[in-house]
Amino acid sequence: MVSIKLVALALVFIGIVFAVLGVLSYSNFIAKLQRISPKMAEEISLESTENWSNKNWAITGYFWSKRYLGTDMELNKLGNSVRSHNIIAVSLIAIAMVIWLASA
C-alpha cells in the first residue's frame with residue numbers, strides 16, 4: 001500500500017518536471033515567435049493578466065491544434081516540444097491520481 005503511494009508520488013514528481021520543461025519550452029517558443037511574428041506572439045503570451053482564463057484556453061488550443069506549424073522548422077520543433085511536454089505532464093499526474101485513489 002505504501003509502495004503504491006510512493007509510485008504515485010514519483011509519477012507526480014516526474015509530471016511536475018515535465019510541466020517545468022513545458023514552461024521552459026513555451027518561453028523559448030514565445031521568444032522565437034516574437035522575432036518572426038510579434039502580433040501572433042502577443043495573442044498567446046502571458047505578459048499581462050488581463051483576461052487570464054480566456055488566454056490560457058487560447059494558448060492550450062493553439063498548441064493542441066498545432067496552429068504553430070509552418071515553414072520555420074525551429075518554431076515547429078519548439079511547438080512540438082511544448083505540446084509533448086504538457087501532454088506527458090498531465091498524463092503522468094492523472095495516472096498518479098488514479099493510482100493514489102485506487103490505493104486508498
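Quick notes on this structure:
- Summed over the stretch 63-89, the residues that are among the aromatic types (Phe, Trp, Tyr), outside any loop (DSSP other than H, G, I, E, B) and crowded, with 18+ Cβ neighbours inside 10 Å give a count of 1.
- Whichever residue in the stretch 26-42 is assigned to a helix (DSSP H, G or I) and among the hydroxyl-bearing types (Ser, Thr, Tyr) and, among such residues, is nearest to the chain's Cα centre (by Cα): Tyr26
- In the stretch 10-53, the residues that are more than 18 Å from Asn86 (Cα to Cα) and not charged (D, E, K, R): Ala31, Leu33, Gln34, Ile36, Ser37, Pro38, Met40, Ala41, Ser48, Thr49, Asn51, Trp52
- Flag not set for Leu92, criterion: in contact with a His (Cβ under 6 Å, 6 or more places away or on another chain), surrounded by 16 or more Cβ atoms within 10 Å (Cβ to Cβ) and not aromatic (Phe, Trp, Tyr).
- The set of residues from the stretch 1-42 being without any contact (Cβ under 8 Å) to a residue 24 or more places away in the chain and touching a helix residue (DSSP H, G or I) at 6+ places or on another chain (Cβ under 7 Å) comprises Ile30, Gln34, Met40, Ala41.
Where a number appears in this text, it was derived from the coordinates with a stated rule and is not lab data. What you see is a predicted model; the values in this text were computed from it and never measured. FYI the Cβ positions are ideal-geometry reconstructions off the backbone, even for glycines, and counts take in every protein chain you see.
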